1. Rounded if a/c is under 1.5, else prolate if a/b is larger than b/c, else oblate: which is the stretch 247-292, with a ≥ b ≥ c the root eigenvalues of its Cα gyration tensor?
2. Under a 1.4 angstrom probe, counting protein chains only, how are Asp272, Asp115, Asp89 ranked by accessible area, largest first?
3. Please give the calculated 222 nm ellipticity per residue for the chain, where each DSSP H segment of at least 4 residues contributes -39500 (n - 2.57) and the sum is spread over every residue; nearest 500 deg cm²/dmol?
4. Go through (i) 22; (ii) 29; (iii) 34 and flag the label whose value is the computed percent of Cα pairs over 32 Å apart for this structure.
5. I'd like the Kirkwood hydrodynamic radius of the stretch 92-203, using the inverse of the mean 1/r over distinct C-alpha pairs, in Å.
6. With labels modelled as points extended 7 Å from the Cα through the Cβ direction, what inter-label distance (nm, one decimal) is found for Glu175 paired with Phe191?
7. Please check: in the Gaussian network model of the chain (C-alpha springs, under 10 Å), which one of Asn121, Asn223, Asn282 has the largest mean-square fluctuation.
8. Most mobile of Gly181, Gly220, Gly164 per a Gaussian network model of the chain (Cα springs, under 10 Å)?
Amino acid sequence: MALTVAVQMDPIQSIRIAGDTTFGLMLEAQARGHTLYTYTPDRLSMQGRLVTAYAQPVNVQDVEGAHARLGSPERIDLAQVDVVLMRQDPPFDMAYVTATHMLEKVAARTLVVNDPAEVRNAPEKLFVLDFPELMPPTLISRDRAEIEAFRKEHGTVAMKPLHGHGGAAVFRVSEEDPNFGSMFDLFSATFREQWVVQRFLEKITEGDKRIILVDGEAMGAINRVPAKGDIRSNMVRGGAAGASELTEREREICATIGPELRRRGLILVGIDVIDGHLTEINVTSPTGIRTIKRLGGPDLAVSVWDAIEARLAARGVGGS
């Protein structure tokens, strides 16, 4: 099944391929004989029902600094390709939302991964609230009285922007923290939407597990441990990743959310679990598959493409 695949992503020249999930997906697609194009979201256009992108054909190789060979830009009709991988990094802002609306126009003919309407309707720190029984106590608010009441009830909390990413602006705030007033003022001036306030999980020092689900099935995991003196486990913030197996509780979490992910067309999802508590469901541009492979786990790019090809076969697509 030879496919034409357009990858909507950040500039491919600037990615760090060792840990880049999108690059891993592109390597596997090329190995299967699929034709690859790449473009950035700013090259999307829509006129009537026609959605196009100025995209470049690309060949990839797993060689740092020489990882992509790009052809001349072409204007392509995204309804005429088989697959669009929506893989630009957050922030999940109006530019991101606009891209989901545009790609939704071609989703009836082209398989967009993840489904753009469901990406738009499942912000990672809000979608997770559909499963409160799996989570630590969590408040979404920017009302000071509500936040102070929550802190009084739960003690130390983590406070972070609702649409933040990569561990940016995540704070640990104790019940009597004298910096809370200043932090409240800073958040109020910086973020117009509500914020996430969550009971602080002390065992974050033992790790924040990233679990990858493919078409609703748990396929692999890594445990990310914060650097000394930090509470953020994100590897871009100095967290260290180690190989990990799933606990019984983590399997229960995956079994609970898996059917809903599959129903929504969220083929590649990364969830975050701390001490048996689900904290986020990442659907925009989840990462981790290259790190899982590097640490001795399976190559989940294979599983992702198996799932994509199965979805296409169910649509009766056999290639362009």
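1. oblate
2. Numbers: Asp272 10, Asp115 45, Asp89 80 Å².
Greatest to least solvent exposure: Asp89, Asp115, Asp272.
3. -8500 deg cm²/dmol
4. Recomputing percent of Cα pairs over 32 Å apart here picks out (ii).
5. Working: mean 1/r = 0.0639 Å⁻¹.
About 15.7 Å for the stretch 92-203.
6. Result: 2.3 nm between the two label points.
7. Asn121
8. Fluctuation is largest for Gly181.
The values are calculated or read from the model by the stated rules, or taken from the named source; none is laboratory data. Remember, it's a predicted structure, so these values are computed and weren't measured experimentally. Positions of Cβ are backbone-derived with ideal geometry, glycine not excepted, and every protein chain shown enters the neighbour counts. The accessibility values were calculated without ligands, DNA or RNA, using every heavy atom of the protein model including side chains. Shrake-Rupley method; radii C 1.70, N 1.55, O 1.52, S 1.80 Å.
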